[in-house]
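Working notes, structure below.
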Amino acid sequence: MGLVAGSVASLVAILFPGNTTPLLLGLVIFLAMVGNLGLAGLLGAAIPLVLRALGRDPALGSNILLTAFTDSLGYLLLLGLGMIIIL
């Protein structure tokens, strides 16, 4: 998914004249999506285990925590990679 989205973003960026970083844009999107999916996999396994160790119901608390962590950290990952790679 990251490879397809990064490739499409690079192709769209190439179509606009004067843009010097289309491949870097594709690289940022690719790395951000792969990182976000990996992060979601790790958090999807860790959050229910932590909730169970704390004596809470993992089925009730996992959904909102996983969504909050994945959305916020994925957004920061995208912006951080963009800042490091493109700038």
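The values are calculated or read from the model by the stated rules, or taken from the named source; none is laboratory data. Quick caveat, the model's predicted, so the values are computed rather than measured. A quick note on method: Cβ atoms are made from the backbone with ideal geometry, for glycine too, and the neighbour counts reach across all protein chains shown.
Among residues of the stretch 39-58 that are free of Cβ contacts under 8 Å to residues at least 24 places away in the same chain, those with a beta-carbon under 9 Å from a residue that is among the polar types (S, T, N, Q) and assigned to a helix (DSSP H, G or I) at least six positions away or on a different chain give the pairs 44/62; 44/70; 47/62; 48/62; 51/62. Inclusion of residue 65 among residues that are in contact (Cβ under 8 Å) with a residue 24 or more places away in the chain, part of a helix (DSSP H, G or I) and either basic (Lys, Arg) or over 18 Å from residue 1 (Cβ atoms) (or both) is not warranted. Among the residues making up the stretch 54-79, those that are closer than 17 Å to residue 9 by Cβ and surrounded by 14 or more Cβ atoms within 10 Å (Cβ to Cβ) are 74, 77, 78. Put simply, of 41, 18 the only residue that is modelled with pLDDT under 80 and over 17 Å from residue 82 (Cβ atoms) is 18.
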